[in-house]
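Before any comments, here is the structure.
The values are calculated or read from the model by the stated rules, or taken from the named source; none is laboratory data. On a predicted model such as this, the values are computed, not experimentally measured, just so you know. As a convention, Cβ positions derive from the backbone with ideal geometry for all residues, glycine included, and neighbour counts pool all protein chains shown.
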Amino acid sequence: MPTPRPTRSPEVVHAATPAVRAAGLRKTYGRGDAVVHALAGVDVEFSRGEFTAIMGPSGSGKSTLMHCLAGLDTATAGQVFLGETELTALRDAELTRLRRDRIGFVFQSFNLLPVLTAGENLVLPMQLAGRSPDPAWHDEVVDRLGLSNRLRHKPSELSGGQQQRVAVGRALLPRPDVVFADEPTGNLDSRTGAEVLGLLRSAVREFGQTVVMVTHDPVAASYADRVVLLADGHLAGGLTAPSPDDVLDALRTLGA
């Protein structure tokens, strides 16, 4: 579990058109007596320039919600919008291009190619898209992530924290509309996890990035500006500027 974040002074969350939102979102698995309603009509918005954590008991639908918001899974019903673009109306090829160009991903498993260096992994998605990163932005991201002296190293030569830094940089480099992070500290020790969470907060505060993170860890969630709570596929409340204790109390109420 990451160590608690330092106390921060109140900050104003950017108010603007939502970076991503869901309307009447439903996701059903199975049929008949075996049907499971992973999402049962969820309406939720995520503001631009905000760090939001999605939490809930096991089976609450939090991972399913993130996967539908990110276009990694198809909804049974309802709509998902990235800015003004409706993801749920796109064809597969259009959705692939949108994920490539406008969405960043950070996963629990770092998903780095072992045969490539850190620097090559960092720019690979943009190269596959036929794009080149802005040199100044590339250097700023590398510097902020503390990777300047690690770019020539392969993943096997990096610590878990360094590998996750590469994954965070890879997500930030294309300047996506939203970065989705799925349990990004799950494979890290508490100190390294705190560093990665601090980097995600910095991406929001210093770069204006929007971050949506699924986590089971109340301390990790306390790095967020807001926590969205799910239970049994429904929205079950939320918290603003949460502390770990606030999150724990809310989860206890949900029976987590």
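Among the residues of segment 85-97, at least one is within 26 Å of LEU172 (Cβ to Cβ), surrounded by fewer than 14 Cβ atoms within 10 Å (Cβ to Cβ) and of a type outside the set (D, E, K, R).
A residue that is among the β-branched types (Val, Ile, Thr), surrounded by fewer than 18 Cβ atoms within 10 Å (Cβ to Cβ) and not in a loop (DSSP other than H, G, I, E, B) occurs somewhere in segment 32-54.
For segment 76-89, check the following and say yes or no: at least one residue is in contact with a strand residue (DSSP E or B) (Cβ under 6 Å, 6 or more places away or on another chain), without any contact (Cβ under 8 Å) to a residue 40 or more places away in the chain, more than 17 Å from LEU235 (Cβ to Cβ) and not in a strand (DSSP E or B). Checked against the condition, which is being in contact with a strand residue (DSSP E or B) (Cβ under 6 Å, 6 or more places away or on another chain), without any contact (Cβ under 8 Å) to a residue 40 or more places away in the chain, more than 17 Å from LEU235 (Cβ to Cβ) and not in a strand (DSSP E or B), segment 76-89 yields at least one hit. Within segment 109-166, count every residue that is on the phi > 0 side of the Ramachandran plot and small (Gly, Ala, Ser). Residues flagged as on the phi > 0 side of the Ramachandran plot and small (Gly, Ala, Ser) within segment 109-166 amount to 2. Considering segment 196-230, and only residues there that are of a type outside the set (S, T, N, Q), modelled with pLDDT under 95 and surrounded by fewer than 20 Cβ atoms within 10 Å (Cβ to Cβ), the residue that is nearest to the chain's Cα centre (by Cα) turns out to be ARG201.
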